[in-house]
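Asker: One structure is given below, represented as structure tokens, and several questions about it will come after.
The values are calculated or read from the model by the stated rules, or taken from the named source; none is laboratory data. Since the structure is predicted, the reported quantities are computational estimates derived from the model, not experimental observations. Every residue, glycine among them, receives a Cβ derived from its backbone with ideal geometry; neighbour counts consider all protein chains shown.
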Amino acid sequence: MAAIYEDDAATFGRTDDVTRAIEEFKYALDDDPDSAELQNGLADLYFRSGHVQQAESTAEALLKSDPNNIEANKLLGRIDLRALGEEDSGTTQAASSEAVSKAIAQFEKIVQLEPRNVEDRMVLGQLYTVNHQADKAEAEFKSAQTIEPDSEDVVLNLARVYADSGNVQGAIKVLEAVPVDSRTPKMEFALGAAYEQLKDSKDAIAAYQRATDMDPDDLRSLDALAQALLSNDQLDEALKEFKTLAADDPEQPEPLIRISDIERKQGKYQDALTVIRKARTLDPTNLEAGFDEGMLLDILGQFDASVQAYQSMVDLLTHANGAYTDSEKNNRSIFLERQAGVLVEQNKIDQAVADYQKMIDLGGDSALRGYQGEVDAYQQDHELDKALDITRKAVAADPKNRDLKLMMAGELADQGQADQGVAMAQAELTGKPTDITVLEALAQIDIRLKHWKDAEDTLAKAEPLAAKKEDKTYLLFLHGELADREKHLDQSEQFFREALVLDPNNAMSLNYLGYMMADRGVQLPDALQLIKKAVSIEPWNGAYLDSLGWVYYKMGQYDLSEDNLRSAVERDQTDPTVHMHMGDLYDKTGRIRLAAAQWQLSLAEFAKSVPADIEPGDVARVQKMLESARVKLAKEDSELGQPKPPE
């Protein structure tokens, strides 16, 4: 009768059937009080019907007469697991630890009674994992694996134990021990993730591909495959997978954001803009999509629209009370910085400085970048006094900030106060490994001052302190710059190539090496590829666009040269080198009057530049070319009977 009422309760969900079933169990126990089967049945019914306390007391009473009753032990184990699952955030750490320990003790007993039960060993292993007992968890999962070698749960949990403890190779070994034909999609996904941790993109892609082949409908594996392909610069293959993701879930903006990212890297800027705008339509608050739209508009030279796009995101991140979380401060400063950068490209310095000031008001790292942005903006506008004043203001606001002091030291050195600048930087040396930042700054100052021996000595001191890849890369860049300035060109090229071995996507090194070769007129195809890669990384960078225009000029591809030099001039209106190159192009293509105008602008900007940014040979060359152009123009005008243009 108890069984009938229990079935009815399960079928129809009637609570009175549960009550009748419990009563029937009790009637049966009156006739056979020692029946373990009846007691287990009643305890189990109590548990399943939510009478946990009665279930626990019934099971414990049963274990007093028979401690090895497996059903009663398992029921107590289920009760312990349920208690763990019901714990809320208000539970103290001590109480939570006690509950886990209690569950572990119960399942240790269960495993002792049924040593070949894989499910129980899995639960015990997971409890050990929660309790940070990795060695015991590993032992349980290994025992379970000897019973069921290819069990998905066993393999995945054992691999997770290794991965969580930092032994990623161990996790891979466990997963690869399962024959390929026996692996499940989840195993392959876990294997791909492990390979990604080791930055082994080739094997990660292969594992994700196998997971996707086995379960084409699993969007998580498809997304992981697409991301891995993108990280490995397999752009066409990644684009195909992201388009599949976008088609499968057209309401999600994330695949569209990745598609736009790929098309931008492929130089398809207008296509990328169209896609990112579709993503923004789906989620106007998506920060990444908003950032990408502003960036693409900047790349396309639509500066006003770019500023508006960034401003819309700044507005989204603006609170009337001026109170921001750290995350909000960081996001807000990112958009302000990019917006200010576009304003600088338009030579709207005052508006850019206003944005940088908003960054300074946020404090922390945002303030440091804001001060640096103001200095760079004033430098580009050749307002050198204002640039120096900003560094003084920054140091006064935060006199213990080493980065601000180094910024001021560099500005002092650039503006004729070399001894004071060097002394200020040297005062920040502490004899600790953190001196690497100071030594890098000092080396840069020495290079700009043409103190070659001092720069070499400083770089030698910095090298033993360079533990991080970015520091090693930057020191190689500085070595390359120093060797170039000393006219040791082969040595310089070697330093830059070593930097690119460490970081193949280092845009500064790519551009410097490519421009250096282009300027010498050597290895032009190689120079073109280096510069094109730098531009693909930072397509808004006017200096890189100038380099690209210059290498096309050297290769005799004047239309491509003009396109890129025009873009460079639009972004770097105060850069004398850009105007010089533009003048050379106009001269080469027979437009002497336009060439003369550009050379005149070049000389005007050279006159306002700090000495460190001027190559005397360039100034002399531009003067000579301008004088020659004026003679030609005067002759042409005389022949045509037109007045001579003003000087």
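Asker: Out of curiosity, is Gly322 outside any helix (DSSP H, G or I) and free of Cβ contacts under 8 Å to residues at least 40 places away in the same chain?
Answerer: Criteria met by Gly322.
Asker: While we're looking at this one, here's another question. Just checking, which of Leu273, Leu297, Leu239 is in contact with a Ser or Thr (Cβ under 6 Å, 6 or more places away or on another chain), part of a helix (DSSP H, G or I) and among the aliphatic types (A, V, I, L, M)?
Answerer: One residue alone meets the criteria, Leu297.
Asker: Do we have Arg264 as in contact (Cβ under 8 Å) with a residue 60 or more places away in the chain, in a helix (DSSP H, G or I) and closer than 30 Å to Ala226 by Cβ here? It would help to see each step written out before you state the result.
Answerer: On the way: in contact (Cβ under 8 Å) with a residue 60 or more places away in the chain: yes; in a helix (DSSP H, G or I): yes; closer than 30 Å to Ala226 by Cβ: yes.
So Arg264 passes the test.
Asker: Quick one: in segment 515-551, of everything that is among the acidic types (Asp, Glu) and surrounded by fewer than 22 Cβ atoms within 10 Å (Cβ to Cβ), which residue is modelled with the highest pLDDT?
Answerer: Once the filter is applied, the top-ranked residue is Asp526.
Asker: Condition first: more than 16 Å from Ala159 (Cβ to Cβ) and among the acidic types (Asp, Glu). Now tell me which residues in segment 194-220 satisfy that.
Answerer: Correct list: Asp213, Asp215, Asp217, Asp218.
Asker: Still on this structure, I have one more. With respect to Val314, is the statement that it is β-branched (Val, Ile, Thr), closer than 29 Å to Arg258 by Cβ, part of a helix (DSSP H, G or I) and modelled with pLDDT of 95 or more true?
Answerer: yes
Asker: In this structure, does Glu140 turn out to be over 23 Å from Ala206 (Cβ atoms), surrounded by fewer than 17 Cβ atoms within 10 Å (Cβ to Cβ) and touching a helix residue (DSSP H, G or I) at 6+ places or on another chain (Cβ under 6 Å)? Talk me through it step by step, then tell me what you get.
Answerer: On the way: over 23 Å from Ala206 (Cβ atoms): yes; surrounded by fewer than 17 Cβ atoms within 10 Å (Cβ to Cβ): no; touching a helix residue (DSSP H, G or I) at 6+ places or on another chain (Cβ under 6 Å): yes.
No: the conditions fail for Glu140.
Per-residue answers, yes or no, for (1) polar (S, T, N, Q); (2) under 22 Å from Leu75 (Cα atoms); (3) touching a residue at least 12 places away in the same chain (Cβ under 8 Å):
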{"site": "Val111", "(1), (2), (3)": "no, yes, yes"}
{"site": "Val118", "(1), (2), (3)": "no, yes, yes"}
{"site": "Ala134", "(1), (2), (3)": "no, no, yes"}
{"site": "Gln145", "(1), (2), (3)": "yes, no, yes"}
{"site": "Asp150", "(1), (2), (3)": "no, no, yes"}
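Asker: While we're here: Within segment 373-406, how many residues are in a helix (DSSP H, G or I) and farther than 23 Å from Val569 by Cα?
Answerer: Total satisfying the criteria: 17.
Asker: Right, another one. Does Ala409 meet the test of being part of a helix (DSSP H, G or I), over 24 Å from Pro576 (Cα atoms) and either touching a residue at least 40 places away in the same chain (Cβ under 8 Å) or out of contact with any helix residue (DSSP H, G or I) (no Cβ under 8 Å at 6 or more places or on another chain) (or both)?
Answerer: Answer is no for this residue.
Asker: Just one of Gln133, Gln93, Gln112 is modelled with pLDDT under 85, out of contact with any Pro (no Cβ under 9 Å at 6 or more places or on another chain) and farther than 30 Å from Pro179 by Cβ; which is it? So that I can check it myself, show each step before the final result.
Answerer: Details: Gln133 fails: modelled with pLDDT under 85; Gln112 fails: modelled with pLDDT under 85.
The match here is Gln93.
Asker: Moving on to the next point. Taking the options Ala462, Ala483, name whichever one is surrounded by 15 or more Cβ atoms within 10 Å (Cβ to Cβ), under 21 Å from Met407 (Cα atoms) and either of a type in the set (Gly, Ala, Ser) or not assigned by TED's automatic domain parsing to the domain that holds Asp618 (or both).
Answerer: Ala462
Asker: Going by the structure shown, is Thr437 β-branched (Val, Ile, Thr), closer than 23 Å to Glu374 by Cβ and in contact (Cβ under 8 Å) with a residue 24 or more places away in the chain?
Answerer: yes
Asker: Cβ-Cβ below 7 Å, separation at least six or inter-chain, first residue in segment 480-500 and closer than 14 Å to Leu510 by Cβ, second in a loop (DSSP other than H, G, I, E, B): which pairs?
Answerer: Hits for this filter: Ala499/Asn506; Leu500/Asn506.
Asker: Filter segment 170-184 down to residues that are surrounded by fewer than 13 Cβ atoms within 10 Å (Cβ to Cβ) and polar (S, T, N, Q), then give me how many there are.
Answerer: Counting residues in segment 170-184 that are surrounded by fewer than 13 Cβ atoms within 10 Å (Cβ to Cβ) and polar (S, T, N, Q) gives 1.
Asker: Could I ask something else about it? Go over the candidates Ala320, Ala305 one by one and state the one that is small (Gly, Ala, Ser), surrounded by fewer than 14 Cβ atoms within 10 Å (Cβ to Cβ) and more than 26 Å from Thr212 (Cβ to Cβ).
Answerer: Being small (Gly, Ala, Ser), surrounded by fewer than 14 Cβ atoms within 10 Å (Cβ to Cβ) and more than 26 Å from Thr212 (Cβ to Cβ) holds for just one of Ala320, Ala305, which is Ala320.
Asker: So for segment 419-436 (the condition being in contact with a helix residue (DSSP H, G or I) (Cβ under 9 Å, 6 or more places away or on another chain), under 16 Å from Ala612 (Cβ atoms) and surrounded by fewer than 18 Cβ atoms within 10 Å (Cβ to Cβ)), does at least one residue qualify?
Answerer: yes
Asker: Among the numbered criteria (1) within 19 Å of Tyr544 (Cβ to Cβ); (2) in contact with a Ser or Thr (Cβ under 8 Å, 6 or more places away or on another chain), which single criterion is violated by Gly583?
Answerer: Going through the list (1) within 19 Å of Tyr544 (Cβ to Cβ); (2) in contact with a Ser or Thr (Cβ under 8 Å, 6 or more places away or on another chain), Gly583 breaks only (1).
Asker: Let me ask something else. Tell me yes or no: at least one residue of segment 347-358 is part of a helix (DSSP H, G or I) and under 17 Å from Asp572 (Cβ atoms). Talk me through it step by step, then tell me what you get.
Answerer: Filtering segment 347-358 down to residues part of a helix (DSSP H, G or I) leaves 349-358.
Of the ones still in play, those that are also under 17 Å from Asp572 (Cβ atoms) are 349, 352.
Checked against the condition, which is being part of a helix (DSSP H, G or I) and under 17 Å from Asp572 (Cβ atoms), segment 347-358 yields at least one hit.
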